[in-house]
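Enquirer: Starting off with a structure, shown below.
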Amino acid sequence: MRLDDRLEALLARMTLEEKIGQLGIFADMLRPFAADVNPEMNELNAGELREQIRAGRVGAVFNGVGAVQGRESQRIAVEESRLGIPLLMGADVIHGMRTVFPIPLGEAASFEPELAERTARAAAIEATASGLHWTFAPTLDIARDQRWGRVAEAAGEDVVLGNAFAAARVRGFQGSDLTANDSMLATPKHFAGYGAVMGGLDYNSVEMSEGTLRDVHLPPFKAALDAGALTVMSAFNDINGVPASAHDGLLTGLLRGEWGFKGFVVSDYTADFELVAHGFAGDEREATKLSFTAGVDMSMQSGLYAAHLPDLVASGEVPMDVIDQGVRRVLAVKQAIGLFDNPYRSLDPEVEAALDPQALHFDLARDAARRSIVLLKNDDDLLPLRKSGQKLALIGPYARDRDNIEGCWTLFGDTRLHVNLEDGLRAALEDGDALDVVDGSGMEDAIDGGIDAAVEAARKADVVLLAIGEPQGYSGEAQSRTRIVVPAAQQALADAVAATGTPVVVLLRHGRALALHGAVRDAQAILATWFLGTATGTAVADVLFGDYNPSARLPVSFPRDSGQQPLYYNRQRTGRPELPTMSEFKSRWREMPHSALYPFGHGLSYTRFVYGDVELSSDGASADTLDWDGTLTVSVTLRNDGSRFGEEVVQLYIHDRVGSRVRPIRELKDFRKVALAPGEHTTVSFTLRRDQLAFTTRSGAFAAEPGLFDVWIAPDSEAGTAAQFTLARA
Ligand code: GLC
């Protein structure tokens, strides 16, 4: 992006120290929260930060909140520093601000990108009212190993779903006018490949082919940039031995060279400093040089750029025009969001004081939450329950809990707004007193007499609602788990309650796919409820009692056991697939089938959808060939054969039979949520084009290859009967 003449003139007046100042972002110790959420590392205390701002040595601050104090910081920057360059004010507003929405993984289960756009917009309205105009979101890491705690923060295992939610969240955060007071700059992160850390161990190395990087992990970033994102955050991990925050091939070659990105790159928290720990830089000076010259324009929190760039410029190792390039990028983004014309944008204490999150966004939080709940199992149509005439026992550590409602990365949630399970269920029941509530166990530890009390309540009840799952602290950054299971104390509770014979509905709380065992797996009904945020109790009640017919589908595969990780649906076939015909010498586990317990795309409804056969056509006539530059229409009739209104996520999958690099057994290429009243039917059609079949071929070119394909329109990644078509040669 070009600077206007005014800013070019400003750049010409800047000293080297002032230029380098624009290349640094520091925890905003001048405002609440920053001290709570960031590990100590070279942080400037409030007084030091204020002086650095006054001296023009700070380009941005983060994770502080509040319009009054933010306005004062901005005043110092604009009115007391020599050149008056306004600060960028950012924070981790990942899935809501004061109103907390479902974790992004849960929201992805809605398969409704437009819903994510709405919740991102709501988050931006609340965040910009509190003195922020930049968020370090959306997280775009494709995650196929559920042992990784940060799977919670993005859209799961599939690239097409990830692309859709990436663009939607950028649009939501930024709105239609970047200079508007309620527009918040988005930051696609973590660039790149972070979701593929080996073993699901956070911050671990990533080893992957160029093809997998380009076909699976990079596309959501391209989708986000195409949607208008102007900043990117570089990742902690190394990729094939080169740390992402010093990877010139990615940060300059691809981001700038291939994709033409004009914004700026900010490092993740001290990621430049960590090049020394990686063993990629011998010292902090070298780390500074490697990170900055690779393409990280702004250094987060480490202070390395301020400490070492002056000397690197003096020695000629970093040319001044490279410094100017970085500064231009930062100034251009500040210009793009209107900061030079309106530095006090998003810093109006009256707007902050007047904002009523409850009135504004509770209904959206409720709708987003209930649209994120996946009905995994519903034996004998146990659900929905009646609101009267049934004795219900709500049992488990999350029954009354308020501290594990939000999920990870909710730094600013207003817990006063939250509705926990007990409150939501009591409010929904005709007789709220008909609900017995028993903790039964702690989240991690047994409670004296807890199981006995739970068993007694279960014996008296017609149905048990078992509120179990992961504590919030098990999810998010640096929360990798070797066994992705319900904690043992809760498993014991589940086993004891199930032994009473009272039907059990599991209300599962989780930030990742879990391996369900014993009475949890064998319960009559299971709702995957993620961390649903502010409206948790209300949304769960809506689904439990049928006021909302669950329509979400799994964005990640639920395994049979932790040992299967990484497990994802769009895997390669191998030369020895687990086929009944094969001898034991096949790609299999001794202990269980090589498949998911609940596959990607799975989810049940309270009604019944019936799919017709897949029909292929071109120009209205039946066809089984996709011309090289043509289109193929893939259709199916869908009927609601049940007694309730419902929404079905119709999924389009293909399988490229033969490729110059082996192809996945299934690949999602499109999806659509279709609403049908009882007895209603419709034709659902998708248009396939060659570019949707393209991949990074053996030669390295991104291209489709002629040949035979399977195609499904199905309710999940294992269901359906394939039709076949041929992609004709050019
Ligand atoms: C963290 C996270 C990143 C976040 C940043 C600032 O370590 O990796 O997602 O935006 O630091 O809080």
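Enquirer: Being open to solvent by less than 30 Å² (accessible area, probe 1.4 Å), within 16 Å of the ligand (Cβ to nearest atom) and either at negative phi or touching a Cys at 6+ places or on another chain (Cβ under 8 Å) (or both) is the filter here, so list the residues in region 407-447 that pass it.
Expert: Passing the criteria: CYS408, THR410, PHE412, GLY413.
Enquirer: Moving on to the next point. Looking at LEU225, LEU254, LEU250 in this structure, which one is crowded, with 24+ Cβ neighbours inside 10 Å, under 19 Å from GLY162 (Cβ atoms) and more than 16 Å from the ligand (Cβ to nearest atom)?
Expert: Criteria check complete, one pass: LEU250.
Enquirer: Additional query: Can you find a residue that is within 16 Å of the ligand (Cβ to nearest atom) and within 17 Å of the chain's Cα centre (by Cα) anywhere in region 80-92?
Expert: Yes, region 80-92 contains at least one residue that is within 16 Å of the ligand (Cβ to nearest atom) and within 17 Å of the chain's Cα centre (by Cα).
Enquirer: For region 106-150, which positions are within 15 Å of the ligand (Cβ to nearest atom) and touching a helix residue (DSSP H, G or I) at 6+ places or on another chain (Cβ under 6 Å)?
Expert: Scanning region 106-150 gives THR135, PRO138, THR139, LEU140, ASP141, ALA143, TRP148.
Enquirer: Here is a further query. Only residues that are within 16 Å of the ligand (Cβ to nearest atom) and outside any helix (DSSP H, G or I): list them for region 264-296, please.
Expert: Answer for region 264-296, where residues must be within 16 Å of the ligand (Cβ to nearest atom) and outside any helix (DSSP H, G or I): PHE264, VAL265, VAL266, SER267, ASP268, TYR269, THR270, ALA271, ASP272, PHE273, GLU274, VAL296.
Enquirer: How many of the residues making up region 355-382 are assigned to a helix (DSSP H, G or I), in contact with a Phe, Trp or Tyr (Cβ under 8 Å, 6 or more places away or on another chain) and among the hydrophobic types (A, V, I, L, M, F, W, C)?
Expert: 4
Enquirer: Could you say whether any residue in region 199-215 is aliphatic (A, V, I, L, M), at negative phi and more than 16 Å from the ligand (Cβ to nearest atom)?
Expert: Checking region 199-215: at least one residue is aliphatic (A, V, I, L, M), at negative phi and more than 16 Å from the ligand (Cβ to nearest atom).
Enquirer: Still on this structure: Read through the list (1) without any contact (Cβ under 8 Å) to a residue 12 or more places away in the chain; (2) open to solvent by less than 10 Å² (accessible area, probe 1.4 Å), then give the number of the only condition that ALA127 fails.
Expert: Status for ALA127: all satisfied but (1).
Enquirer: Just give me the residues in region 383-395 being hydrophobic (A, V, I, L, M, F, W, C), over 26 Å from ARG512 (Cβ atoms) and part of a loop (DSSP other than H, G, I, E, B), in sequence order.
Expert: LEU385 - this is the single residue of region 383-395 that is hydrophobic (A, V, I, L, M, F, W, C), over 26 Å from ARG512 (Cβ atoms) and part of a loop (DSSP other than H, G, I, E, B).
Enquirer: Further, regarding this structure: State which residue pairs qualify: first residue under 16 Å from ASP226 (Cα atoms) and inside region 145-168, second residue of a type in the set (Val, Ile, Thr) in any location, beta carbons under 7 Å apart, and separation of 6 or more residues or different chains.
Expert: Partner pairs satisfying both residue conditions: VAL159/ILE142; VAL159/VAL216; GLY162/ILE142.
Enquirer: Which members of region 163-192 meet the condition of being more than 14 Å from the ligand (Cβ to nearest atom), open to solvent by less than 10 Å² (accessible area, probe 1.4 Å) and within 30 Å of ARG571 (Cβ to Cβ)?
Expert: Across region 163-192, the qualifying residues are PHE165, ALA166, ALA168, VAL170.
Enquirer: Within region 636-693, which residues are hydroxyl-bearing (Ser, Thr, Tyr) and surrounded by fewer than 17 Cβ atoms within 10 Å (Cβ to Cβ)?
Expert: THR637, SER643, SER660, THR682, THR683, SER685, THR687
Enquirer: Could you look through region 579-620, keep only residues that are of a type in the set (S, T, N, Q) and without any contact (Cβ under 8 Å) to a residue 12 or more places away in the chain, and pick out the one that is most open to solvent (accessible area, probe 1.4 Å)?
Expert: Among those residues, the one meeting the criterion is THR581.
Enquirer: Against the conditions (1) surrounded by 21 or more Cβ atoms within 10 Å (Cβ to Cβ); (2) within 15 Å of the ligand (Cβ to nearest atom); (3) on the phi < 0 side of the Ramachandran plot, where does GLN301 fall short? Just the number, please.
Expert: The single condition GLN301 does not satisfy is (3).
Enquirer: Still on this model: Six or more apart or on different chains, Cβ under 6 Å: which pairs go from a residue in region 662-676 that's of a type in the set (Val, Ile, Thr) to one that's open to solvent by 40 Å² or more (accessible area, probe 1.4 Å)? Could you list them?
Expert: Every condition considered, the pairs that remain are VAL662/GLN572; ILE665/ARG573.
Enquirer: Determine which single condition VAL711 fails, assuming it passes every other condition in (1) outside any strand (DSSP E or B); (2) in contact with a Phe, Trp or Tyr (Cβ under 9 Å, 6 or more places away or on another chain).
Expert: (1) is the only condition that VAL711 fails.
Enquirer: For residues in region 694-728 being farther than 20 Å from VAL649 by Cβ and among the aliphatic types (A, V, I, L, M), which is surrounded by the most Cβ atoms within 10 Å (Cβ to Cβ)?
Expert: Step by step, filter region 694-728, then rank; the result is LEU727.
Enquirer: Go through SER267, SER315 for me and flag whichever is buried (at least 20 other Cβ atoms within 10 Å of the Cβ), among the polar types (S, T, N, Q) and in the same structural domain as ALA223 (by TED's automatic domain parsing).
Expert: None of the others qualify; the one that does is SER267.
Enquirer: Kindly check whether there is at least one residue in region 229-242 that is in a helix (DSSP H, G or I), in contact with a Gly (Cβ under 8 Å, 6 or more places away or on another chain) and modelled with pLDDT of 95 or more.
Expert: No, the conditions are met nowhere in region 229-242.
Enquirer: Determine whether region 97-117 contains at least one residue that is assigned by TED's automatic domain parsing to the domain that holds ARG169, touching a residue at least 40 places away in the same chain (Cβ under 8 Å) and in contact with a Cys (Cβ under 8 Å, 6 or more places away or on another chain).
Expert: yes
Enquirer: Kindly evaluate SER475 against the criterion of being within 16 Å of the ligand (Cβ to nearest atom) and buried (at least 24 other Cβ atoms within 10 Å of the Cβ).
Expert: yes
Enquirer: Next question. Quick check: anything in region 325-340 part of a loop (DSSP other than H, G, I, E, B) and within 16 Å of the ligand (Cβ to nearest atom)?
Expert: Within region 325-340, none of the residues are part of a loop (DSSP other than H, G, I, E, B) and within 16 Å of the ligand (Cβ to nearest atom).
Enquirer: Follow-up. From THR502, THR538, grab the single residue that is part of a helix (DSSP H, G or I), of a type in the set (Ser, Thr, Tyr), in contact (Cβ under 8 Å) with a residue 40 or more places away in the chain and within 27 Å of GLY432 (Cα to Cα).
Expert: Every option except THR538 fails the conditions.
Enquirer: From ALA694, ALA623, which residue is aliphatic (A, V, I, L, M) and touching a residue at least 40 places away in the same chain (Cβ under 8 Å)?
Expert: Only one candidate passes the filter, namely ALA623.
Enquirer: Would you pick out the residues in region 607-622 that are part of a loop (DSSP other than H, G, I, E, B) and within 23 Å of ASP716 (Cα to Cα)?
Expert: Of everything in region 607-622, those that are part of a loop (DSSP other than H, G, I, E, B) and within 23 Å of ASP716 (Cα to Cα) turn out to be THR607, ARG608, GLY612, ASP613, VAL614.
Enquirer: Separate question: Suppose we filter region 151-160 for residues that are among the aliphatic types (A, V, I, L, M) and either under 15 Å from PHE412 (Cα atoms) or within 16 Å of the ligand (Cβ to nearest atom) (or both); how many remain?
Expert: Qualifying residue count for the region: 4.
The values are calculated or read from the model by the stated rules, or taken from the named source; none is laboratory data. Note that the structure is a prediction, hence the values are computed from the model and not measured. Cβ sites come from the backbone with ideal geometry, for glycine too, and all protein chains shown count toward neighbours. Note: accessible area is taken over every heavy atom of the protein model, side chains too, but ligands, DNA and RNA are not part of it. Shrake-Rupley method; radii C 1.70, N 1.55, O 1.52, S 1.80 Å.
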